Amino acid sequence: MALPTLALPGTLLGPASKYAPGPGTHIHDSSVYASIAGTVASSPSLNPTTTRLPLLSISRPGEAGASDNGNILPEVDSQVLARVTRLGARFASAEILVIAPSAATSISSDAAVCSTPFAAQIRREDIRATEKDKVTVQDSFRVGDLIRAVVISLGDQGGYYLSTAKNELGVVVARGEGGEVLVPVSWREVKDLRTGRGEARKVAKPF
């Protein structure tokens, strides 16, 4: 698998047999994962006598080696990656972690990791494009989910307004109560492959 340009906490970077963990990363189940949000870099091992594997590290915005995009603000039509922080009956609260330019069709190397997350909301009517009257927030997201969304309004005191109404928008990383990663099995369900237990989500269509 190719290294991602940007990473969020919990992003799989690669197998521990191929990479060594550096600052901002950790090993879990023989794989290297991101511990923080930032720009991913690969460099020669600092101690080649103990390992010849490339060293993976993550730089936060503003740190040495990081791109200086932390001050970019979300705009209408910008795609974002956000973490769900709270669920209500009519909306989900989230914090925007990564922003892509408004002209971009997906999160790419041009995206900026936010030095400070931006508050946002997803209203129930903006979760799905069809059968909006049947949508429930609890069956679409869970606290801690990472979602791909688009900014539809600069909002008010509650933050930016986001939408996941397109097929390519929605949950991209879901975790169960025990922290296990849940795998998408359809556009509205994720499943724990070990136990077979499924949970409802509004899942983003992979690119």
Completion exercise
The correct count of residues that are more than 18 Å from the chain's Cα centre (by Cα) and of a type outside the set (Val, Ile, Thr) in region 178-187 is 2
Problem - From the options Arg201, Arg194, Arg175, Arg188, residue that is of a type outside the set (Phe, Trp, Tyr), in contact with a Ser or Thr (Cβ under 7 Å, 6 or more places away or on another chain) and over 26 Å from Leu73 (Cα atoms) - result: Arg201
Fill in the blank from the handout: Log entry, pairs with first residue in region 173-195 being within 18 Å of Arg83 (Cα to Cα), second being outside any strand (DSSP E or B) and among the basic types (Lys, Arg), beta carbons closer than 6 Å, six or more apart or on different chains, reads Ala174/Arg201; Val190/Arg201
Practice task
Report the residue count in region 118-169 for those that are acidic (Asp, Glu), surrounded by 20 or more Cβ atoms within 10 Å (Cβ to Cβ) and not in a loop (DSSP other than H, G, I, E, B).
Solution key: 1
Handout entry: Residue check for Gly155: in contact (Cβ under 8 Å) with a residue 24 or more places away in the chain, in the same structural domain as Glu95 (by TED's automatic domain parsing) and under 22 Å from Ile96 (Cα atoms)
Key = yes
Fill in the blank from the handout: Per the list (1) assigned to a loop (DSSP other than H, G, I, E, B); (2) modelled with pLDDT of 85 or more; (3) touching a Leu at 6+ places or on another chain (Cβ under 9 Å); (4) crowded, with 17+ Cβ neighbours inside 10 Å, residue check on Ile107 breaks on (2)
Handout entry: Members of region 15-66 that are modelled with pLDDT of 85 or more and hydroxyl-bearing (Ser, Thr, Tyr)
Key = Ser17, Tyr19, Thr25, Ser30, Ser31, Tyr33, Ser42, Ser57
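The values are calculated or read from the model by the stated rules, or taken from the named source; none is laboratory data. Source: prediction; values computed, not measured. Glycine also receives a Cβ, built like all others from the backbone with ideal geometry; neighbour counts cover every protein chain displayed.
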